Amino acid sequence: MAKRKKQKKNKSNKKNNQKSQPKQDIPEICLKDSVDGLYKGYFKKASNFDRQLKRIETGVPIIAKKLQKAGDFNQSADAIASIASSCPTLEERIEALFLAAELGACYQNITDNCQAPEVNQTRIDECTPIVEGFQNETTVCKDLSGDDACDCWEGPFQTFYKDLSGCVIKNSEENVTDRLKECKKAVGYCNKRQREAFSLYAQCNPKSPATPTPVVATSGYVTTNVGTPSPFATPFNMSNPLALVTKYSFFSANFLNRKVCGGFEWFNDQGQEQLAIGTVAGTPVDVPVAPDFNIIGVSAHVGYLLDRLEFITEDAQNPSNRQGFTCGGIYGTPVDATPPGSCQMVNIAGTTKDQDGSQLLATMEFTWFCD
């Protein structure tokens with residue numbers, strides 16, 4: 001009886017010992033390979049390669065695009081230099097010459113600081129399939145168990161893992177990051193000096209009207225203008241007086257600490273959207289025109305740009321029905337661009353100015369047909 005109890009006790013102890021022993025689906029060497037692969041390989045080397053490659057692929061095109069701006073400041077340098085003698089004070093004349101020299105140096109400064117960075121493209125090309133292969137094998141192996149997992153971790157995975165050790169592109173990534181900082185700094189400095197030149201040019205230029213060109217009441221086509229003419233601006237002409245426009249869509253934009261009228265789109269007599277002028281983003285203000293409405297009045301608030309545009313439309317069938325539409329903010333000097341007499345606005349031309357990569361409305365010339 002005692003012997004039977006002892007045997008029963010030994011069997012129970014053996015069973016408990018078996019329960020306390022964890023079942024090892026993966027041998028220890030395979031477990032080590034999997035941990036090393038996931039931590040040292042996947043979460044460190046492979047992910048570092050991906051992040052660094054993304055910075056390289058993002059930064060290199062930006063640098064190349066900014067290099068194209070090197071010559072954008074030559075015209076500004078010439079313009080502010082030509083107007084320097086017209087500045088009312090000695091300080092402003094000195095500032096104008098200083099800005100002309102700074103802007104004149106922008107071409108070389110941007111060219112020097114925005115050269116293509118040194119990138120080891122050969123290593124990137126060699127390592128990209130290695131990293132992708134390693135990541136793919138990791139995805140397969142981590143979902144397996146037992147002998148299958150062991151075979152996977154010690155199979156092709158090990159080849160990718162060993163090759164991964166040479167896939168380091170940190171130097172290339174640092175070259176791109178450093179060059180991008182230098183390039184942005186050079187272009188940003190020139191943009192700042194150009195804005196200062198714009199402002200000084202308006203003060204020193206005796207031909208900078210902030211009011212529309214006066215017109216005499218007459219029949220036929222007449223024009224009015226708003227805005228400050230500038231040699232820095234890019235001209236545009238929307239269409240021609242004989243082209244039928246069914247709708248304008250005007251867009252506000254942010255400039256420094258104020259809202260301005262940034263740009264517009266227009267639609268032809270087929271309702272087709274035409275090439276945008278200026279910056280068009282956000283929610284537009286739609287101004288309906290032919291054949292149901294006519295624009296009979298335009299006013300503006302004028303600063304360095306067109307701070308505000310206001311349009312008055314008249315119902316073609318019911319002239320007493322008039323509506324107002326506004327684009328932009330509240331700043332600027334108010335001016336009226338509506339000619340005397342009974343007139344309808346039939347075309348828009350003008351200029352835009354580049355502000356940190358955005359073309360914003362600077363001046364407008366309105367063509368009217370008057371009875």
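Odds and ends about this structure:
- Residue exposure sequence - SER76, SER252, SER299 - by fewest surrounding Cβ within 10 Å: SER299, SER252, SER76
- Cα convex hull volume per residue for the stretch 220-370 (Å³): 108 Å³
- Applying a threshold of 28 Å to the alpha-carbon distances of LYS69/LYS247; LYS185/LYS353; LYS247/LYS353; LYS45/LYS65; LYS66/LYS247 flags LYS69/LYS247; LYS45/LYS65; LYS66/LYS247 as lying beyond it.
- Exposure proxy for ARG51, ARG195: other Cβ atoms within 10 Å of each Cβ, ordered fewest to most, give ARG51, ARG195.
- Directionally averaged shadow of the stretch 286-328, computed from the convex hull of its alpha-carbon atoms, nm²: 3.0 nm²
- Exposure proxy ranking, count of Cβ atoms within 10 Å, fewest first, for PHE366, PHE232: PHE232, PHE366
No value in this document is a laboratory result; all are computed from the given coordinates. Given the structure is predicted, the values throughout are model-derived calculations rather than measurements. As a convention, Cβ positions derive from the backbone with ideal geometry for all residues, glycine included, and neighbour counts pool all protein chains shown.
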